[in-house]
Amino acid sequence: MLTHEQNEMLCRVEGDAPMGRLMRRHWTPVCLVEEVGEPDGTPVQARVFGEQLVVFRDSKGRVGVLDEACPHRRASLVYGRNEEDGLRCLYHGWKFDVDGNTVDMPSEPPESGLCEKVKHRAYPVKEWGGMVWAYFGAAEQAPEFVPPRWAPSIDVRVSIVKAIIPCNWAQVLEGAIDSAHSSNLHSSDMVPARVDGAEATDRLWLRPSTDKAPRMQVERTSYGFRYAALRRPINHAASHVYSRCTVFVAPYTVLIPPNNLYNVANVNIPVDDTTTAFYFIAWGDPATTPETATWREFLGNVRGIDLDERYRPVRNHDNRYLQDRQAMKAGNFTGIHGIPNQDSAMWVTMGPIADRSRDRLGASDLAIVEFRQRMLDALQAFEAGGAPIGVGPEAVPAGVCSFQAILPRERDWRAHDARYVWGSAADPQARPARATQTA
């Protein structure tokens, strides 16, 4: 349970809010690469940490992330002409390149020199893992871009669901690190089965346990923490334990336990104080990781069907998430199609910013407690002049990953040799190794 003041510190990111200042010290996803896939294509409106942005790809294929408002009279550049290596405002024709340089000012006399004096706000940009990233802190503080742990190399397939969720980033992220809820909320999609580890089919995720009350253990790290949810397995219950290890990479990434075919992660970017850009990711070997279209269909998050053109879910609190009560009577636990949609129904109905001062937490909430305390401790250290969590020497090391395995009871999950799930062993030096399971 947090006080109101602590909850505000955790959740608020806009303006000069401390959490927003900490997050700005990280490279941050702004949109999907596919949204700006075409040179001289339609500019995209984005919003991160409460800042209105325009994203575009110029004639040479370079991506720019600029302040949406033209510096002249503050008209939106989203409506601008994307042409000849720059974005031109419709109002008076001022034109800017991807670095924010003013390259044309037809409404002003050339002798005024104003064109050379106006610099528009632009952010450093990197494309990686299917996302456009930008750095929103002071340029001189920008760390080197390091590939995220869910896209460690160029040969990894990354399939991403994107949805804009109308609630605060922290309650979305808490859902990702809450292993206990999956045994209930997702029980019709994550089905107990007599398997030797989590497996994926084209319709379901199979799990080797019926245990709904996992024992939680946490290990704090410099970059966040990792924790294990320990359950009784269906097979070898007397001698083994089913361990699902989740990794929180501050400030907004969760590495979720994989299945036998691919790895899973999510990234939860604050659009503003009460809106989150939720990215749910399958990644790994191209031979076993679902393609983007398949992934989105599996999760019930297809743009134009389940999401509108701005990635806002069609299922929402007003239409009760299109909950099918007849399906519930027939055995479906929630009556809501799609794992992220089931989650969203829980996140959004907590309110725009959940009132954590009214929580009644139990033993299964250990990871939730650790997340809140870890981020508040990190924020206190940052406010005292320390480095932001997860940056520089404190960044998550290469090779850190989540895992799931049935382990002998005497084996400590912390010592388990966790490795990425990877279907090909053709070149083990170049590619992550397949996860090892012990039954």
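The values are calculated or read from the model by the stated rules, or taken from the named source; none is laboratory data. Small disclaimer: the values here were computed from a predicted structure and weren't measured. Please note: Cβ atoms are built from the backbone with ideal geometry, for glycine as well, and neighbour counts cover all protein chains shown. With ligands, DNA and RNA removed, areas are computed over all heavy atoms of the protein, side chains included. Shrake-Rupley method; radii C 1.70, N 1.55, O 1.52, S 1.80 Å.
Can you tell me which residues in region 201-233 are open to solvent by 30 Å² or more (accessible area, probe 1.4 Å) and among the β-branched types (Val, Ile, Thr)? Passing the criteria: Thr201, Thr210, Val218. Mind listing whichever residues of region 334-381 are surrounded by fewer than 18 Cβ atoms within 10 Å (Cβ to Cβ), under 22 Å from Tyr321 (Cα atoms) and among the β-branched types (Val, Ile, Thr)? The one that is surrounded by fewer than 18 Cβ atoms within 10 Å (Cβ to Cβ), under 22 Å from Tyr321 (Cα atoms) and among the β-branched types (Val, Ile, Thr): Thr349. When Asp99 is tested against (1) in a loop (DSSP other than H, G, I, E, B); (2) within 26 Å of Ala163 (Cβ to Cβ); (3) open to solvent by 20 Å² or more (accessible area, probe 1.4 Å); (4) touching a strand residue (DSSP E or B) at 6+ places or on another chain (Cβ under 7 Å), only condition (2) is not met.
Counting the residues of region 407-425 that are crowded, with 23+ Cβ neighbours inside 10 Å and either β-branched (Val, Ile, Thr) or part of a helix (DSSP H, G or I) (or both) gives 1. Entry remark, region 238-269: residues being assigned to a loop (DSSP other than H, G, I, E, B), touching a strand residue (DSSP E or B) at 6+ places or on another chain (Cβ under 9 Å) and more than 22 Å from Trp27 (Cα to Cα) number 7 in total. With the condition kept exactly as written, say whether any residue in region 63-71 is free of Cβ contacts under 8 Å to residues at least 24 places away in the same chain, over 24 Å from Pro251 (Cα atoms) and within 29 Å of the chain's Cα centre (by Cα). The answer is yes, given that some residue of region 63-71 is free of Cβ contacts under 8 Å to residues at least 24 places away in the same chain, over 24 Å from Pro251 (Cα atoms) and within 29 Å of the chain's Cα centre (by Cα).
For the residues Ser182, Ser159, Ser187, the requirement of being assigned to a strand (DSSP E or B) and either among the hydroxyl-bearing types (Ser, Thr, Tyr) or surrounded by 22 or more Cβ atoms within 10 Å (Cβ to Cβ) (or both) singles out Ser159.
Residues in region 317-333 that are in contact (Cβ under 8 Å) with a residue 60 or more places away in the chain and either among the aromatic types (Phe, Trp, Tyr) or surrounded by fewer than 17 Cβ atoms within 10 Å (Cβ to Cβ) (or both): 2 in all.
When Gln342 is tested against (1) assigned to a loop (DSSP other than H, G, I, E, B); (2) in contact with a Ser or Thr (Cβ under 7 Å, 6 or more places away or on another chain), only condition (1) is not met.
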